[in-house]
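The values are calculated or read from the model by the stated rules, or taken from the named source; none is laboratory data. Predicted model only: the values in this text are computed from it and were never measured. Counting neighbours? That spans all protein chains shown, and the Cβs are built from the backbone with ideal geometry, glycine included. Protein only, heavy atoms only, side chains kept; ligands, DNA and RNA dropped before computing areas. Shrake-Rupley method; radii C 1.70, N 1.55, O 1.52, S 1.80 Å.
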Amino acid sequence: MYKIKVDFLINGMILAKNIYDCDGTILLSAGACIRNSYITKLKDLQINEVYIQADETADIVIEDVIQEQNRLEARKLAKTVMDNIRLGNSIESKEIYKCVNLIIDDLLKNKNVIVQLCDIRTVDDYTFAHSVNVCVLSIITGISMGYNHQRLKELGVGALLHDIGKMQIQDEVLNKPSELNESEFNEIKKHSDLGHAILSEIPDIGQDAAMVALTHHERYDGSGYPFGKKAEEIHEFSRVVAIADVYDALTSDRIYKKKILPHQAMEYLMTMAGHQFDPEIAKSFIRYIAIYPVGYIVALSTGERGIITDSNHQFPTRPKVRVVYNSQGQKSTIRKELDLIEHPSVMITDVLEKLW
């Protein structure tokens, strides 16, 4: 399978991964034959990319870092919790911890896992999918940092619910499709205090988890909010979640901005390490993130085009690539696999939206 922009879908292409709504209902099943009506619906839902199956990529499998069912259940739980906050209903912590434990168990089964960013979201699913992604990315970072299970659990709960205070911010401010003015930005910033207050009132939610909601927008150089804390003054969990939060936001399409590619987001994180972000935690974070995820289409310095088939854990900028089109723009008649570690003169020059 490989990832392709919806704009380049053609009738007859075969969908390779299920597409779900925020309630976990399948909108379009893997194996579906693409039709014009499906393309229109995908665009209406502001789904910009999907995974497609093709003969030359039939053996390329893109594995999520957690089980699909656990991801879906976590999204549904995030939605339920946030809906209850909006409605003023009580929140049960038992289901939250159960959900986070399942994610931890999935991640601990394979400590060498590399995040491939393979989830597909509708525009309505952003808040819940973002919460789950930040949870997953934060726990992976915690594993990289040597956290025990209890610390991973509190970190995961804080990460999953880091934006819960936004449920008490007006929708017209949260979903404004243009730049916020000063008054609106000040309104948004209230979500940190609001989130901390909400979590502090939920029985059995630890204060470490609640602190994430309060201080995940603090920055290593003191430029963040709400207190302007810096470096080790900021709770370590919040320093972890700050990186996961920004990375997932940068690599996600939003109402008011288009996403950037994983290697561009990684470059931003490393540039900001020591300024916005804790530099040591940033190193732990990037250790398990695919700079060039499996299924992405790339152009090579040889003039060839291909699909990423595997990541090299120790050398993330040197993945394995299956060449699909040669330097003359002709489709390859033989299978050619390039491990870029073994071909140091070959470079990835671009990430592409289509193969041809």
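Here are some notes:
- Criterion: over 30 Å from residue 229 (Cα atoms), in contact (Cβ under 8 Å) with a residue 24 or more places away in the chain, open to solvent by 50 Å² or more (accessible area, probe 1.4 Å) and of a type in the set (Lys, Arg) - qualifying residue of 305, 287: 305
- When the stretch 55-70 is filtered for residues that are closer than 22 Å to residue 126 by Cα and open to solvent by 20 Å² or more (accessible area, probe 1.4 Å), the ones remaining, listed by number, are 63, 64, 67, 68, 69, 70.
- Restricting the stretch 187-200 to residues that are hydrophobic (A, V, I, L, M, F, W, C) and either at pLDDT below 95 or open to solvent by less than 40 Å² (accessible area, probe 1.4 Å) (or both), the residue that is nearest to residue 166 (Cα to Cα) is 188.
Residue-by-condition table, conditions (1) in contact with a strand residue (DSSP E or B) (Cβ under 8 Å, 6 or more places away or on another chain); (2) at pLDDT 90 or above; (3) closer than 30 Å to residue 332 by Cα; (4) part of a helix (DSSP H, G or I):
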site	(1), (2), (3), (4)
7	no, yes, yes, yes
12	yes, yes, yes, no
61	no, no, yes, no
64	no, no, yes, no
70	no, yes, no, yes
74	no, yes, no, yes
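- Those residues of the stretch 1-34 which are open to solvent by less than 40 Å² (accessible area, probe 1.4 Å) and among the acidic types (Asp, Glu), in sequence order: 21
This table checks each residue for (1) under 22 Å from the mean Cα position of the chain (by Cα); (2) crowded, with 21+ Cβ neighbours inside 10 Å; (3) part of a loop (DSSP other than H, G, I, E, B).
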site: 165; (1), (2), (3): yes, yes, no
site: 173; (1), (2), (3): no, no, no
site: 177; (1), (2), (3): yes, no, yes
site: 185; (1), (2), (3): no, no, no
site: 223; (1), (2), (3): no, no, yes
site: 226; (1), (2), (3): no, no, yes
site: 244; (1), (2), (3): yes, yes, no
site: 254; (1), (2), (3): yes, no, yes
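- Looking only at the stretch 267-284, residues that are buried (at least 17 other Cβ atoms within 10 Å of the Cβ) and under 21 Å from residue 126 (Cβ atoms) come to 1 in all.
- Identity of the residue in the stretch 43-54, within 21 Å of residue 116 (Cβ to Cβ) and over 17 Å from the mean Cα position of the chain (by Cα), that ends up most open to solvent (accessible area, probe 1.4 Å): 53
- Residues of the stretch 198-232 that turn out to be within 21 Å of residue 269 (Cβ to Cβ), touching a Phe, Trp or Tyr at 6+ places or on another chain (Cβ under 9 Å) and not hydroxyl-bearing (Ser, Thr, Tyr), as a count: 7
- Options 139, 143, 91, 103: the member that is part of a helix (DSSP H, G or I), of a type in the set (A, V, I, L, M, F, W, C) and over 27 Å from residue 49 (Cβ atoms): 143
- Restricting the stretch 43-59 to residues that are part of a helix (DSSP H, G or I) and touching a strand residue (DSSP E or B) at 6+ places or on another chain (Cβ under 7 Å), the residue that is farthest from residue 254 (Cα to Cα): 56
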